[in-house]
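For reference, the structure discussed in these notes is given below.
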Amino acid sequence: MADETRPTSSSSEGHGGGERRPPRPGGGREGGGPGGRKYFRRKKVCKFCTEKIEAINYKDVRLLAQFVAESGKIVPRRLTGVCTPHQRRLSSAIKQARNIALLPFAGRAA
Amino acid sequence: MNRTYELMFIVRPDMTEEDQDKLVSTLETAVASSGGKVKTFEKMGKRRLAYTVRRFHDGLFMLLTFEGSGGLVHELERRLRVSEPVIKFLSMRIDEEQKRLDKIKAIRDSKRKASAAPATPAEPAAEAPAVTA
């Protein structure tokens with residue numbers, strides 16, 4: 001299935017697939033890889049592993065906001081590429097931040 | 001058994017400076033009276049809340065780090081709950097997380113030292129053949 005889709009995506013898009021896609025909240029890294037099946041999929045790596053960020057704290061809103069969608073939802077691992085142990089810490093940190101009104105439960109931060 | 005906790009609370013934005021200090025000092029005395037120790041206290045300033053809490057859009061964020069037992073946390077939370085200007089609070093145990101971070105840091109430092117140590121003797125060795133040639 002992947003063999004079928006790959007040539008079509010390369011012919012229709014040329015190179016740098018995913019550049020034209022609207023920016024996805026959470027997976028904000030450039031070339032982070034498109035989520036759609038039709039496109040070439042780049043291997044995503046965990047931001048926390050590569051940048052060696054160990055402390056995922058609820059006070060670090062700027063960091064957490066990268067992994068929260070516009071709607072306020074936590075962006076799933078399959079879109080951001082965060083590894084399981086880090087996603088676990090991340091989600092608990094986001095929930096703590098929500099509790100203390102640093103992040104919204106739903107919708108944009110008013 | 002003393003543990004380290006972090007208590008973040010939000011007070012209403014129109015609270016006067018004196019009232020804030022009064023509230024904080026009552027909390028600090030509560031910590032001291034139950035055998036705990038205040039480590040740090042920080043006013044994080046006025047911030048916009050992500051959602052409205054008791055019809056407030058802004059709040060003054062405060063952060064108190066202290067050592068103490070679980071009963072002390074209960075006592076502080078009870079005090080915050082009954083004090084009217086406090087609109088939200090969150091207490092968290094942080095010593096285990098800190099321990100984990102220190103451990104990771106120690107491992108990283110030891111690795112860095114191990115990688116740095118063989119690099120220095122390698123340099124003269126590389127130089128030596130160049131000189132003889």
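Some notes on this structure:
- For beta carbons closer than 8 Å, sequence separation of 6+ or different chains, a first residue in the range A:45-58 that is within 14 Å of chain B (Cβ to nearest Cβ) and under 13 Å from A:Thr80 (Cα atoms) and a second that is in a loop (DSSP other than H, G, I, E, B) and among the acidic types (Asp, Glu), the qualifying pairs are A:Phe48/A:Glu54.
- Residue in the range B:35-52 that is in contact (Cβ under 8 Å) with a residue 40 or more places away in the chain and either touching a strand residue (DSSP E or B) at 6+ places or on another chain (Cβ under 8 Å) or within 17 Å of B:Met92 (Cβ to Cβ) (or both) present: no
- Every residue from the range A:44-90 that is among the polar types (S, T, N, Q) and surrounded by fewer than 19 Cβ atoms within 10 Å (Cβ to Cβ): A:Thr50, A:Asn57, A:Gln66, A:Ser71, A:Thr84
- Hey, A:Ala93 crowded, with 20+ Cβ neighbours inside 10 Å, small (Gly, Ala, Ser), more than 17 Å from B:Ile94 (Cα to Cα) and at pLDDT 85 or above or not: no
- Top-ranked residue of the range A:45-91 - restricted to ones that are of a type in the set (Gly, Ala, Ser) and not in a helix (DSSP H, G or I), ranked as farthest from B:Leu63 (Cα to Cα): A:Gly81
- Test result for B:Arg12, charged (D, E, K, R) and either touching a residue at least 24 places away in the same chain (Cβ under 8 Å) or surrounded by 13 or more Cβ atoms within 10 Å (Cβ to Cβ) (or both): yes
- Of all residues making up the range A:72-91, the number that are touching a residue at least 12 places away in the same chain (Cβ under 8 Å) and within 13 Å of chain B (Cβ to nearest Cβ): 3
- Single match in B:Leu72, B:Leu76, B:Leu7, B:Leu63 (criterion: within 14 Å of another protein chain (Cβ to nearest Cβ) and surrounded by 16 or more Cβ atoms within 10 Å (Cβ to Cβ)): B:Leu7
- Looking across the range B:79-105, the residues that are touching a residue at least 12 places away in the same chain (Cβ under 8 Å) and more than 13 Å from every other protein chain (Cβ to nearest Cβ) come down to B:Arg79, B:Ser83, B:Pro85, B:Asp95.
- Filter result (assigned to a helix (DSSP H, G or I) and surrounded by 15 or more Cβ atoms within 10 Å (Cβ to Cβ)) within the range B:79-89: B:Arg79, B:Leu80
- Test result for B:Phe61, over 19 Å from the mean Cα position of the chain (by Cα), in contact (Cβ under 8 Å) with a residue 40 or more places away in the chain and closer than 18 Å to A:Asn99 by Cβ: no
The values are calculated or read from the model by the stated rules, or taken from the named source; none is laboratory data. These numbers were taken from a predicted model, which means no experiment stands behind them. When we count neighbours, we look across all protein chains shown, and the Cβ atoms used for this are built from the backbone with ideal geometry, even at glycine.
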